[in-house]
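**Student:** Pasting a structure here, questions to come.
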């Protein structure tokens, strides 16, 4: 590119992250740490029942308690319904509660303990109603209707909705009937996955403060500050320009902090009391009323020929949204792309349903749809291989997509590397010896994932000392993505990483960013930074040209200077000069990752029909199963992930290791357990996330098959590592024991006694 | 949550406080159970008597008759690291202490607290039962000793009177030269885990290879930690061959009265009880074969 040195000096290197020192020394201020003078504490009264009519809600006794400063209920807030795909969610329950954990009232008091006691003092009388707790049952014609007014709700126009079905979508092509009729073998299996909590360390937290002129500031740990700004404006019925959202620091989100959680309660209580209010969730609230991964039931039917080539696939995804649609319609539909997998599928007919039930309104946990659908398709690939007497690696390699093949929506696939990922993961795990000892086995799984679109804007400003500030509305969620974007900027400006400072995550001062979601931050912010850097180079080269009388084209940026025609002018000199003559050096850059063209005849009612800049990956695991206790011990774990270009290999490996740890939890231990609509394990004693002793050393192989759009060819990195672990582990357990578990988590009990108790 | 916190500096002062406040008071040792129960609203004592300043309640010492006295405030970490349990006949106790919670819990959690808390799933209790432990209590009437299996009455219930302090756990000397013990635990993860089932065993063998004494105890399968006397009877007086061990393991599974809960089904707990009991007994034999026995 014009004016850039060709040798790469900053990107591709294992540099320390910009937010690292503050985090490891405890100096970093997270939203949960944030406090203001005179601040009150808010607590939320939540429904104890899964479905009931509110007969009485009386806050008089609570309001009279010493230390209580304000209470809000549905009677005090605008009757708005909000929601990402379907506007079905009220701030507080009005006439009915729809799940155990739904907010009914919120209290602000001088201490959290008083606020909690006041919640208990609120008289809430409920008349239980018939309820429905699984998606299949919710489809029955006589099932209780969660939203009798569903037809009146605003929703994305693409969605097809009816009754308890929040969204129905379809992907199909080819002659499925003929393919099944001519098949050598047909396989049909049913898989189930549970509700799982994202497991971020920091609870959801918000501090809200109103200024005298009716402007609101909320400091919170949202992943999407600009979306939060819009939603809060809607809920509070004020112009969005009066809402400022600031993310001081965020202690993990994994998709669980995409949507409004406690911010609106803080804002409403602050408005009611005239004082700043902080609301922070408890562990019990996290496990009953957060945004866990949706539960799914997936039926997959596959036709193959004698050589194991896939002929057709047919399937149905039932994804349980819970009481409100939230991210369910999108997640359910994406399940279809993951069910196709990175496989050539000549004929296809898949259907996805996002279904309301009287359980928690679920959300989009890291790679929403990914682990669930991959567990189904990759388990079935091994079943097919076993039945045909083929090696599971060979069966996959026979069917994987190759460069230029069409994806499920008919899009042309580019940067396809799944075969290489599979071969390298298999080689690293020692695949040729799949059952090295009794009760020991190896498993493989592969998948693909998107680099989500959405736009990014940045300002880049050069200080008079020649250093740069990257001002972005993006959130550093903990992946190191903004260190990656800063590396891109430093590279493009001939600076070192330590010359770049990142500022932003403030909707008042920073340009728009679509937010920390969908493995897009380093990709999109990096690209926007490149655009801004090109403009700064132009400005710097013009200043150098003016000073030397040489043409602008004679100059390039290199090692903190503008260099050309025998001149070497420090960037700092030109930045100072610009402050005197031209208002300083500043540039704006924007980027949007455009969705590739696809064939609309293959897709019905799908909100996300095609993957942008897809990534490919394969996982391999070597484990033992104790035949007596069912205990699984993982000896070795390998991930071969195509990252396009590794902007900073260290932090990519961190994403892979963390994703595998989460995936091991999904595979073996994590489940929010309900009985009759009530959570039985709303604590971290019985909600079992893996510990350091449960997670093996993870070996990462970074495959670099560049994307056309990403900075230096980079692809999205953050979400994929948690997609394959359940399937890879399921396949290894089957190899070790000869038995297969069809539902997650694959507990020791299921391994030993079988499913169904 | 509000209570008066007392910090007596002598056992006499602690006993006086307990006598004054009776059932309204709770003793605080490591606090890893008590504080959680208070925070969750399951206990609401008006008085908390912190024992940490009472001298002499922590530490492990030999007794004149060849046994061990473990002060009630001895931390689980201290037991995990003490040479008296590193191998030999009492190894089961270190194996149990090592898998309670995580490092932070074991650095403050105490053996006495674990015993008085009397959880049916407590890890140290099966090991203590296998080692014929006694509880040493001091109250207004002086000191008394109670065999541990008589001391444990039900979930959270013991034979301790409110005005008594559990001062120590005492382990007798092993009754024969060839003795070994073992503890095993099954859970959903490898640390920070409450046992789904745990099991401890001890075997003492005479010179003729016959079993002089057998102990088998199980956790998390009944309202209290369960000593399986039927299994012990199948072993005592016999050479513990594979058939005897299998019969004892089957008797252990049959003796359980497990619950269905969020951690496991009753059926799986019963299965695990048999597996762990058989393995714990086999481990005892294996350790004697390795010359590891005391």
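The values are calculated or read from the model by the stated rules, or taken from the named source; none is laboratory data. Treat the numbers as computed from the prediction; the structure is a model and nothing was measured. Positions of Cβ are generated from backbone atoms using ideal geometry, with glycine treated the same way; all protein chains shown enter the neighbour counts.
**Student:** For a quick check of your reading: which strands (runs of 3 or more DSSP E) sit entirely within segment A:20-99 and have at least 3 residues that are at pLDDT 95 or above and touching a helix residue (DSSP H, G or I) at 6+ places or on another chain (Cβ under 7 Å)?
**Tutor:** A:40-46, A:68-73
**Student:** Looking at (1) more than 25 Å from residue A:631 (Cα to Cα); (2) within 9 Å of chain A (Cβ to nearest Cβ), which is the one condition that is false for residue B:193?
**Tutor:** Residue B:193 satisfies every listed condition except (1).
**Student:** Consider segment A:738-757. How many of its residues are in a helix (DSSP H, G or I) and surrounded by fewer than 20 Cβ atoms within 10 Å (Cβ to Cβ)?
**Tutor:** So the answer is 1.
**Student:** Tell me whether segment A:245-265 contains one or more residues that are touching a strand residue (DSSP E or B) at 6+ places or on another chain (Cβ under 7 Å), over 16 Å from residue A:108 (Cβ atoms) and surrounded by fewer than 20 Cβ atoms within 10 Å (Cβ to Cβ).
**Tutor:** yes
**Student:** Could I ask something else about it? Within segment B:15-49, can you find the residues that are surrounded by 13 or more Cβ atoms within 10 Å (Cβ to Cβ), in a helix (DSSP H, G or I) and touching a residue at least 12 places away in the same chain (Cβ under 8 Å)?
**Tutor:** B:15, B:17, B:18, B:19, B:21, B:24, B:34, B:38 - these are the residues of segment B:15-49 that are surrounded by 13 or more Cβ atoms within 10 Å (Cβ to Cβ), in a helix (DSSP H, G or I) and touching a residue at least 12 places away in the same chain (Cβ under 8 Å).
**Student:** Is it true that residue A:146 is in contact (Cβ under 8 Å) with a residue 24 or more places away in the chain, more than 25 Å from residue A:32 (Cα to Cα) and in a loop (DSSP other than H, G, I, E, B)? It would help to see each step written out before you state the result.
**Tutor:** Working: in contact (Cβ under 8 Å) with a residue 24 or more places away in the chain: yes; more than 25 Å from residue A:32 (Cα to Cα): yes; in a loop (DSSP other than H, G, I, E, B): yes.
Answer is yes for this residue.
**Student:** Go through segment B:211-222 residue by residue and tally those that are over 20 Å from residue B:105 (Cβ atoms) and either assigned to a strand (DSSP E or B) or not assigned by TED's automatic domain parsing to the domain that holds residue B:279 (or both).
**Tutor:** Step one: filter segment B:211-222 for residues over 20 Å from residue B:105 (Cβ atoms), giving B:211-218, B:221-222.
Imposing the further condition that a residue be either assigned to a strand (DSSP E or B) or not assigned by TED's automatic domain parsing to the domain that holds residue B:279 (or both) reduces the set to B:211-218.
Residues meeting the conditions: 8.
**Student:** Sort out which residues of segment A:735-750 are farther than 24 Å from residue A:339 by Cα and touching a strand residue (DSSP E or B) at 6+ places or on another chain (Cβ under 6 Å), and write them in order of number.
**Tutor:** Across segment A:735-750, the qualifying residues are A:736, A:737.
**Student:** Any residue at all in segment B:154-177 that's surrounded by 21 or more Cβ atoms within 10 Å (Cβ to Cβ) and farther than 27 Å from residue B:30 by Cα?
**Tutor:** Within segment B:154-177, one or more residues are surrounded by 21 or more Cβ atoms within 10 Å (Cβ to Cβ) and farther than 27 Å from residue B:30 by Cα.
**Student:** OK, next. Taking segment B:243-285 as the search range and keeping residues that are away from every other protein chain (no Cβ under 14 Å), in contact with a strand residue (DSSP E or B) (Cβ under 7 Å, 6 or more places away or on another chain) and in a helix (DSSP H, G or I), which one is nearest to residue B:209 (Cα to Cα)?
**Tutor:** Result: B:285.
**Student:** Here is a further query. Looking at B:115, B:99, which is the one that is at pLDDT 95 or above, touching a strand residue (DSSP E or B) at 6+ places or on another chain (Cβ under 8 Å) and part of a loop (DSSP other than H, G, I, E, B)?
**Tutor:** B:99
**Student:** Pairs please, first residue from segment A:99-116 and closer than 30 Å to residue A:357 by Cβ and within 14 Å of chain B (Cβ to nearest Cβ), second anywhere and in a strand (DSSP E or B) and at pLDDT 95 or above, Cβ atoms under 6 Å, 6+ apart in sequence or on different chains.
**Tutor:** Going by the 6 Å Cβ cut-off, the qualifying pairs are A:116/A:43.
**Student:** Could you go through segment B:162-170 and let me know if any residue there is touching a helix residue (DSSP H, G or I) at 6+ places or on another chain (Cβ under 9 Å), within 14 Å of another protein chain (Cβ to nearest Cβ) and closer than 30 Å to residue B:50 by Cβ.
**Tutor:** No, segment B:162-170 has no match at all.
**Student:** Right, here's the next one. Quick one: would you say residue A:629 is within 14 Å of chain B (Cβ to nearest Cβ) and crowded, with 21+ Cβ neighbours inside 10 Å?
**Tutor:** Yes; evaluated as a whole, the condition is true for this residue.
**Student:** If a residue has to be surrounded by fewer than 24 Cβ atoms within 10 Å (Cβ to Cβ) and touching a strand residue (DSSP E or B) at 6+ places or on another chain (Cβ under 9 Å) to count, how many in segment A:710-734 make the cut?
**Tutor:** 1
**Student:** On to the next question. Based on this model, can you work out whether residue A:623 counts as at pLDDT 95 or above, farther than 21 Å from residue A:703 by Cα and either within 26 Å of the chain's Cα centre (by Cα) or outside the structural domain of residue A:375 (by TED's automatic domain parsing) (or both)?
**Tutor:** No: the conditions fail for residue A:623.
**Student:** Would you mind listing the strands (runs of 3 or more DSSP E) fully within segment A:526-605 where at least 2 residues are more than 23 Å from residue A:465 (Cβ to Cβ) and touching a helix residue (DSSP H, G or I) at 6+ places or on another chain (Cβ under 9 Å)?
**Tutor:** In segment A:526-605, A:585-592 are the strands (runs of 3 or more DSSP E) which contain 2 or more residues that are more than 23 Å from residue A:465 (Cβ to Cβ) and touching a helix residue (DSSP H, G or I) at 6+ places or on another chain (Cβ under 9 Å).
**Student:** Additional query: I'd like to check which helices (runs of 4 or more DSSP H) are fully inside segment A:385-502 and have at least 1 residues that are assigned by TED's automatic domain parsing to the domain that holds residue A:524, in contact with a strand residue (DSSP E or B) (Cβ under 9 Å, 6 or more places away or on another chain) and buried (at least 17 other Cβ atoms within 10 Å of the Cβ). If you could, list the steps in order and put the result at the bottom.
**Tutor:** Details: elements: A:392-399, A:418-429, A:481-493.
The qualifying helices (runs of 4 or more DSSP H) are A:481-493.
**Student:** Can you tell me which residues in segment B:254-270 are surrounded by fewer than 24 Cβ atoms within 10 Å (Cβ to Cβ) and touching a helix residue (DSSP H, G or I) at 6+ places or on another chain (Cβ under 7 Å)? Walk me through how you get there before you give the answer.
**Tutor:** We begin by selecting, within segment B:254-270, every residue surrounded by fewer than 24 Cβ atoms within 10 Å (Cβ to Cβ); these are B:254-257, B:259-262, B:265-267, B:270.
Answer for segment B:254-270, where residues must be surrounded by fewer than 24 Cβ atoms within 10 Å (Cβ to Cβ) and touching a helix residue (DSSP H, G or I) at 6+ places or on another chain (Cβ under 7 Å): B:255, B:256, B:259, B:260, B:265, B:267, B:270.
**Student:** Right, another one. Across segment B:223-242, what is the total count of residues that are touching a helix residue (DSSP H, G or I) at 6+ places or on another chain (Cβ under 7 Å) and part of a loop (DSSP other than H, G, I, E, B)?
**Tutor:** Total satisfying the criteria: 4.
**Student:** May I pose another question? Take segment A:672-706 and flag every residue that is in a loop (DSSP other than H, G, I, E, B) and at the interface with chain B (Cβ under 7 Å from one of its Cβ atoms).
**Tutor:** Residues of segment A:672-706 in a loop (DSSP other than H, G, I, E, B): A:672-673, A:676-677, A:680-691, A:695-697, A:704-706.
Across segment A:672-706, the qualifying residues are A:673, A:680, A:681, A:685, A:686, A:688, A:690, A:691.
**Student:** Restricting to segment A:651-671, name every residue that is within 8 Å of chain B (Cβ to nearest Cβ) and part of a helix (DSSP H, G or I).
**Tutor:** Residue satisfying the conditions is A:668 alone.
**Student:** For segment A:465-482, enumerate the residues that are under 19 Å from the mean Cα position of the chain (by Cα) and within 18 Å of residue A:15 (Cβ to Cβ). Write out each step before concluding.
**Tutor:** Start the filter on segment A:465-482 by keeping residues that are under 19 Å from the mean Cα position of the chain (by Cα), which leaves A:473-482.
Hits for segment A:465-482 are A:476, A:478, A:479, A:480, A:481, A:482.
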